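Enquirer: Pasting a structure here, questions to come.
FYI, it's all coordinate maths here, none of it is from the lab. Here the structure is a predicted model, which means the values were calculated and not measured. Here the Cβ is made from the backbone with ideal geometry for all residues, glycine too, and neighbour counts use every protein chain on show.
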Ligand SMILES: [Cu+2]
């Protein structure tokens, strides 16, 4: 959880000159800013152009006493009407075409991009790297990416709707159950950038944090090797302790006996638990395994049945590790 605290303390890197927009850090983030500032400043200028003379005319040409009458009335002026119709059309066309080109760029996946798979789940992100055969997950997960490469994210959700939001990259996309959505970016700046869930998804939504770490290519390769080695060297119990954090069991299960959303893991191994059906079960290897893969089959009495299934997310050795870890918490 230290990484989470660190993340919560992490400030969004903001532009120093204005102090209101986060630093642009992707290939098209600057295009976004240009369109935004264009719309804002021209919008402000046009607003003043209309409102200032309007207020001034109202004051200057108001009727000063009751008998005052207009000396002449103009009702048509073709020239002025043509101007005030076509100038705004030209302006709106510029706004539309500029914005639409940017939209096309973001929503068209580039050819040959490096593919990462993102899974949203209450309440953390898992990112799988098919090329490198690694994955990162958990609250505060560090998602390493190489600088200056096109990266495509193929995203889906394990449970409810989440939304993957990277403010510095100016991208955000809903992550849906039962359907893939995609995003792409090209990280131009080396550094660490926060990832938020931008779709309210339950209790710990605000803790659903991670960060993208952009590294030069060689540093990125070393980072990948580091993750591979770390996983090979762990004992089953150590692996279990790591998965307890990275698979976010920690959000719902404590290891010190205190109550969270689910029962504490402390001393649970070898005891008897009562199911919602009233049946009694012994918490042994097989029960833990089944409960992690299909939790809804054997819900424990007195708790909301909110535990997600980890089917397909844990290897055989991962499950062994988790069992050994729970067993060790006497
Ligand atoms: Cu979420």
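Enquirer: Grab the Cα-Cα distance for residue 71 and residue 330, subtract it from 0.36 nm times how many residues apart they are, and report the gain in nm with one decimal.
Expert: Residue separation times 0.36 nm, minus the Cα-Cα distance, leaves 83.5 nm.
Enquirer: Still on this structure, I have one more. Given the Cα atoms of the stretch 88-191, and with Rh set as the inverse mean 1/r over their pairs in the Kirkwood sense, what is Rg to Rh to two decimals? Mind dumping the intermediate values first?
Expert: Values: Rg = 15.7 Å, Rh = 15.1 Å.
Rounded to two decimals, Rg/Rh equals 1.04.
Enquirer: Among DSSP beta bridges whose residues both lie in the chain, state the antiparallel percentage, nearest 5. Kindly include the intermediate steps, with their values, before the conclusion.
Expert: Values: 33 of 47 bridges.
Percentage antiparallel, nearest 5: 70.
Enquirer: Continuing with this model, one more query. Once you place label points 7 Å from the Cα toward the Cβ at residue 303 and residue 107, how far apart are they in nm?
Expert: 4.3
Enquirer: Here is a further query. Order these by the 10 Å Cβ neighbour count, fewest first: 326, 97. Each step should come with its number before you reach the end.
Expert: Working: 326 24, 97 10.
Placing the least packed residue first, the sequence is 97, 326.
Enquirer: Sort 219, 324, 316 by Cβ crowding within 10 Å, fewest neighbours at the top. Intermediate results must be reported in sequence, preceding the final value.
Expert: Working: 219 14, 324 18, 316 8.
With the fewest neighbours first, 219, 324, 316 line up as 316, 219, 324.
Enquirer: Run the numbers for residue 276 and residue 114: contour at 0.36 nm per residue of separation, minus the present Cα-Cα distance, in nm.
Expert: Working: separation 162, 0.36 × 162 = 58.32 nm, distance 4.58 nm.
Answer, rounded to one decimal: 53.7 nm.
Enquirer: Here's a follow-up. Over the chain, what relative contact order in percent results from Cα pairs under 8 Å that are six or more residues apart?
Expert: Values: 523 pairs, mean separation 51.1, N = 330.
Value for the chain: 15 percent.
Enquirer: Determine the relative contact order of the stretch 234-327: mean sequence separation of Cα pairs under 8 Å and six or more apart, normalised by residue count, in whole percent.
Expert: Computed value for the stretch 234-327: 37 percent relative contact order.
Enquirer: Out of every Cα-Cα pair in the chain, what percent are more than 38 Å apart? Don't jump to the answer; show the numbers that get you there.
Expert: On the way: 19615 of 54285 pairs.
The proportion of pairs with Cα distances above 38 Å equals 36 percent.
Enquirer: Using packing as a proxy for protection, rank 223-230, 247-254 so that the peptide with the highest average count of other Cβ atoms within 10 Å comes first. Can you show the working numbers first?
Expert: On the way: 223-230: 13.8, 247-254: 21.0.
Answer by packing, highest mean first, reads 247-254, 223-230.
Enquirer: Quick one: 301, 122, 237, fewest Cβ neighbours within 10 Å first, how do they rank? Mind showing how you got there, number by number?
Expert: Working: 301 12, 122 23, 237 18.
So the ranking, lowest neighbour count to highest, is 301, 237, 122.
Enquirer: Between residue 87 and residue 63, what FRET efficiency comes out of the Förster formula 1/(1 + (r/R0)^6) with R0 = 35 Å and r the beta carbon distance, rounded to 0.05? Spell out each step's value before the answer.
Expert: Working: r = 32 Å, r/R0 = 0.90.
Computed FRET efficiency for residue 63 and residue 87 comes out at 0.65.
Enquirer: Provide the gained length on full extension for the span residue 54 to residue 37, in nm with one decimal, where the gain is 0.36 nm per separating residue minus the Cα-Cα distance. List each step's numbers first, then the result.
Expert: On the way: separation 17, 0.36 × 17 = 6.12 nm, distance 2.55 nm.
Length gained between residue 54 and residue 37: 3.6 nm.
Enquirer: Relative contact order of the stretch 113-160, please, whole-number percent, based on alpha carbon pairs below 8 angstrom and at least 6 residues apart.
Expert: On the way: 79 pairs, mean separation 23.4, N = 48.
Normalised by residue count, the contact order of the stretch 113-160 is 49 percent.
Enquirer: Let me ask something else. Regarding the stretch 234-327, what are the three Cα extents along the principal axes, ordered largest first, in Å?
Expert: Reported extents, whole Å, longest axis first: 38, 27, 23.
Enquirer: Let me ask something additional. Can you tell which of 165, 265, 38 shows the greatest fluctuation in a Gaussian network model of the chain with Cα springs below 10 Å?
Expert: Between 165, 265, 38, it is 38 that shows the largest mean-square fluctuation.
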